[in-house]
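Beneath this line is the structure, given in structure tokens, with notes to follow.
Please treat every number below as a calculation from the coordinates, not as lab data. No experiment lies behind these values; they were computed from the predicted model shown. As a convention, Cβ positions derive from the backbone with ideal geometry for all residues, glycine included, and neighbour counts pool all protein chains shown.
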Amino acid sequence: MAKTYQDLKKEVWDEERCAGCGACVAVCPADAFSFTPGESHPRHTEYCKEATDGVPCGACYQVCPRVVPVPVDQSLVGTYLHIRSARAGFDVPGRQSGGAVTALLLHALESGYIDAVVTVTEDRWTHRPSSAIITSTTVLLSQAGSRYNWWVPLMASLKEAVITRKYRSIAVVGVPCVVEAAKRIRDSENTLLRPFRRSIRFVIGLFCTESFDYQRLVEGKLTGERNIEPWQIRRFEVKGNLDLTLNDGTTLTLPLSELGECVRSGCHICTDFTSLHADVSAGAVGSESGYTTLITRTAEGEGLVCSALQSGRLMAGSAVDLKAIERLAAKKRKRMPE
């Protein structure tokens, strides 16, 4: 008998290891999982095809990025083919750093390499995040900017994209736990995961120190304690601290040590800073202002980046400061138990 949600509860939820990636929500054939804002793990209806009816499944357990400790690549930045600095070759309003991820996705949509993007979007007024499926270049540009700051069960939208809307060439963009869940889907031989496995074309991983709970950070820490309303905030950025830029041009720096209660419990055990199992990893660290660091890890990822460079959608920058990336990666690696 395969492991079920009951094993997830025992090994992950009860141990506060849940990443909140939403992969279990996506792949459950019984639609038994759901997430409620503020909760540390998903809810389950307690109906399970395997545990209740004896029908072979185990999909939820197989895709969870937290059931078995992932071997850590001792090189800190992981295995890669190429590291480069780049920016979008066109104006990207709202970009987080160099707009390189948006440029890659735009090029992929325009070229027909993908037919959908599963990612995180946010309300521009409240900054409230949500998981979304984007198929339009216009919508993609309007939502530009990495939302790695926020927790959202991003992978949950994969079910709608694959099962309901029948997209067959999808780019998934997310933080390391999302990347790990996508890797498990791609590596699994479970027949129930076959539609998802076949439909994930590219995985773009974002550099991540931790993800914040929207209610605790924005409604609690910022609005409740500092009287900063969401609409006053132009930009969030995490580079060792949480840096806020307000609409009036003023800036505010909050040490991450003061934001512990705003971070999901499952983030505290994550040691992956650079999304080690992505096709392309991306983040602002290591590149000069206005540029994005791109780490290509697979032939597919390198091919996408080179194609975007050749098209002019992506512009190459100067050399990357690898040591800057390694410093933050090493800092996060310290969470690893001895």
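Once the Cβ-Cβ distance of Ala324 and Arg165 is raised to the sixth power relative to R0 = 45 Å, the FRET efficiency obtained is 0.65. Estimated at 0.36 nm per residue, the fully extended path between Thr251 and Asp14 surpasses their Cα-Cα distance by 81.4 nm.
Put a plus charge on the Cβ of each Lys and Arg, a minus charge on the Cβ of each Asp and Glu, and nothing anywhere else: the dipole of the range 1-151 about its Cα centre is then about 420 debye. Length gained on full extension, Val55 to Val139, computed as 0.36 nm times the residue gap minus the Cα-Cα distance: 26.2 nm. In sequence order, the range 106-122 has phi-based couplings of 4, 4, 5, 5, 5, 8, x, 5, 10, 10, 6, 10, 9, 7, 10, 10, 9 Hz under the Karplus curve 6.51 cos²θ - 1.76 cosθ + 1.60, θ = phi - 60°, and Gly or Pro positions carry x. Converting phi to 3J(HN,Hα) with the Karplus coefficients 6.51, -1.76 and 1.60 and the offset θ = phi - 60°, the range 193-200 yields 8, 4, x, 6, 4, 6, 9, 7 Hz in sequence order, with x at every glycine or proline. As a rough guide to protection, the peptides 17-25, 292-300 ranked by mean Cβ packing within 10 Å, highest first, stand as 17-25, 292-300. Take the Cα of Lys331, step 7 Å toward its Cβ, do the same at Arg124, and the gap between the two points is 3.2 nm. Computed about the Cα centre, the dipole magnitude for the chain is approximately 540 debye when only Lys and Arg (+1) and Asp and Glu (-1) carry charge, each at its Cβ. Annotation: the antiparallel percentage among DSSP beta bridges lying fully within the chain is about 70. Percent of C-alpha pairs per 10 Å bin in the chain, short distances first: 6, 27, 35, 24, 7, 1, 0. For the range 326-332, 3J(HN,Hα) computed residue by residue from phi via the Karplus equation (6.51, -1.76, 1.60; θ = phi - 60°) reads 5, 4, 6, 5, 5, 4, 6 Hz, glycine and proline entered as x. The distance linking the range 183-216 with the range 123-182 is 11 Å (Cα centroid to Cα centroid, whole angstrom). Annotation: average projected area of the range 214-262 is 3.1 square nanometres, based on the convex hull of Cα atoms across all directions. Close amide H partners of His82, meaning residues 5 or more places away or on another chain with modelled amide H under 5 Å apart, are Thr296. Residues whose amide H comes within less than 5 Å of that of Phe212, counting only those at least five positions distant or on another chain, are Trp150, Trp151 (H built at 1.01 Å from N in the peptide plane). Near the amide H of Phe202, within less than 5 Å, lie the amide hydrogens of Ile170, Ala171, Val172, all on another chain or at least 5 residues away, with H placed in the peptide plane. Computed over the range 5-63, the alpha-carbon pair-distance distribution with 10 angstrom bins reads 24, 60, 15, 0, each value a whole percent.
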